[in-house]
1. Evaluate the following for Leu561: is it part of a loop (DSSP other than H, G, I, E, B), assigned by TED's automatic domain parsing to the domain that holds Ala410 and of a type in the set (A, V, I, L, M)?
2. Is at least one residue of the range 565-587 assigned to a helix (DSSP H, G or I) and over 18 Å from Arg457 (Cα atoms)?
3. Any idea which of Glu248, Glu182, Glu233 is in a helix (DSSP H, G or I) and without any contact (Cβ under 8 Å) to a residue 40 or more places away in the chain?
4. List the residue pairs whose Cβ atoms are under 6 Å apart, where the first residue sits in the range 108-129 and is closer than 18 Å to Gly178 by Cα, the second is assigned to a helix (DSSP H, G or I), and the two are 6 or more positions apart or on different chains.
5. Just the residues that are modelled with pLDDT of 90 or more and not small (Gly, Ala, Ser), please, taken from the range 520-534.
6. Being in the same structural domain as Met494 (by TED's automatic domain parsing), buried (at least 22 other Cβ atoms within 10 Å of the Cβ) and closer than 20 Å to Val554 by Cα: is that true of Ala414 here?
7. List the strands (runs of 3 or more DSSP E) that sit entirely inside the range 85-155 and contain at least 3 residues that are over 30 Å from Ile20 (Cα atoms) and outside the structural domain of Cys222 (by TED's automatic domain parsing).
8. If I ask for residues that are in contact with a Leu (Cβ under 8 Å, 6 or more places away or on another chain) and at pLDDT below 80, which ones from the range 369-390 would you list?
Amino acid sequence: LEGVVVFQRSQNPQEIVRQIRERRISVLVSVPKILEVLKEYVAGVCPEVLEPAPAGEKFWWRWWRFRRAHRLFGYKFWSFIVGGAALDPALESFWGGLGWAVVQGYGLTEAAPIVTLNHPFHARKGTVGKPIAGVEIRIAEDGEVLVRGGNVTAGYFNNPEATAEAFEGGWFHTGDIGELDESGRLTIKGRKKEMIVLPDGRNVFPEDVERVLHALDGVAECAVVGVKTEAGEQVHAALVLKEGAEAEAVVRAANAALEEHQKIRGYTVWAEKELPRTEGTRKLKRREIRARIMGELPSRPAARGAGEGIEALVEKWAAGRAVTAETTLEDLGLSSLDRVELMVAIEQKTGGPVDEAAFAQARTLADLKALESAPPSEHAEVIEFPKWNRSKLAQWFRVFNQNLWLLNLARIFAWVRVEGRENLKGLDGPVLFASNHQSYFDTPVVLIGLPLKWRSRVAPAMRKEFFDAHFHPEKHGRFKWFTSSLNYWLAALMFNALPIPQREAGTRQTLRYIGELVEEGWCPLIFPEGRHSRDETIGRFQAGVAMMASRLKVPVVPIRLRGVNRVLHPDWSMARPGFVRMRIGEPMVLEGDDYAALARRVEERIRAM
């Protein structure tokens, strides 16, 4: 079977869901931690998913009842394949109850890597399935899972001691404790070395205790380890608590639901927001957690927040002025793309994601400092960029109407003289057009000045806030919403325009969308000043044009406009006939990550044209 694999870099749930929906993905292969994060996100967007489904409810009725959640992921998506760590049965039941298949598997690096896998239509909850063809499994006397087969390695390279320890009689010792049911399905109980052996000889699997803790409202994260005391090894919990939760009450509630030998005998309230985990599979680093609880390793300092670090981060925009917690972002003159740069810098400083919706609401540095402890927004706005305007039919309609009447109407007012068209010769593939900004008439002027080959591939940027009534109808009356939406859809259809937010959240989504346009061969038209100059002067260029050109590896074609403000001034409601000069410069290749300096190069080139 043919297929496409999409590798997702971000662990942001909103971004994962967007990729699944827009790329029409059928199956998500992930570790259980991703399913936890997705559950929190989906529950915030579609609260009805938390309502318990009636016992024995038919699949198709469940699918219909939770259709909003299915619409969120896209109707082509149908299954989660989960491995790499233990999956909480409650989490498995949650996703299965919404109408998606949850398929667990079990594998090891030494087995290249799959050992067992559930059948997607005959899965048994709580198990990791039956051995795949050519693989044998048996359970040792101590409960350890032993594996052999053609996919199992013969040993460890240049490490005979480790090979002798892990292999016995052709069987590989996995280090996992498990059991086989009557149908041959495997259930993993936990890691042998992580199993807690009590003084009376009874065994406690940390995952069983963690499952009970996770079900309590006050617990954000938890890890259970065995801690050695004078009386022997005891069950100890490391807790990351939600705001307002009390550790003593949490432990008391958990112990009420646990068997006598599983009860928590000690606990530690973790000072950080997250417990240590591995990078890829997000497994708990129990050895490190245990060592820090017992004082064998020093506690890590809490991640440095936006506190004093933010003042240092914004100094580049302060122009030598003193920066305090009361300094406003307006005082600093931050553009939307400057804000993205600052947001990324804060994320790098704090080591965690910053909620873009909350970031957009920030007005002072004190507001930014509060973002570190703020939970992510459950209802962050998702900008739905139109795709229909890139269809063959829409392209044909746009080119036909532009050349039949739209640009001819613009030519009545703008008498355009074009220079430098020869600089476009030899260019093949998408480019980034960067122009100074004088008027709302700039886009028609640029389209008039470009050859048809390039004109039909242009995607001009427009200010998203100009269409506020379309994007936020609840703030406006019906007539305002209607006219704003009509203008937005006409701009998208007739000009292939794309909205770029100046002060709202969504700049990241816009930059991703521009990347998609370039991949499809479109040429974005950017006005790096971000505002009309109102005369022949040119304002400071924002760094976004350089960021896009450098990261997308496309050349920048500079354009200098003169006289457009005398055709339609920003203060006028009606255009007036006049002469306009348009100069197309030589393409520029921008490389590096000093986007401000690269943007200055583009600005200086256009000034000199």
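The values are calculated or read from the model by the stated rules, or taken from the named source; none is laboratory data. In this text the structure is predicted, and so the values were computed from the model without any measurement. No Cβ is skipped: glycine too gets one built from the backbone with ideal geometry, and neighbour counts run over all protein chains shown.
1. no
2. Taking every residue of the range 565-587 in turn, at least one turns out to be assigned to a helix (DSSP H, G or I) and over 18 Å from Arg457 (Cα atoms).
3. Glu248
4. From the range 108-129, the pairs are Lys125/Glu92; Gly126/Pro89.
5. Once the filter is applied, which keeps residues that are modelled with pLDDT of 90 or more and not small (Gly, Ala, Ser), the range 520-534 yields Glu520, Trp522, Cys523, Pro524, Leu525, Ile526, Phe527, Pro528, Glu529.
6. Answer is no for this residue.
7. Per the criteria, 135-139, 144-149.
8. Once the filter is applied, which keeps residues that are in contact with a Leu (Cβ under 8 Å, 6 or more places away or on another chain) and at pLDDT below 80, the range 369-390 yields only Phe385.
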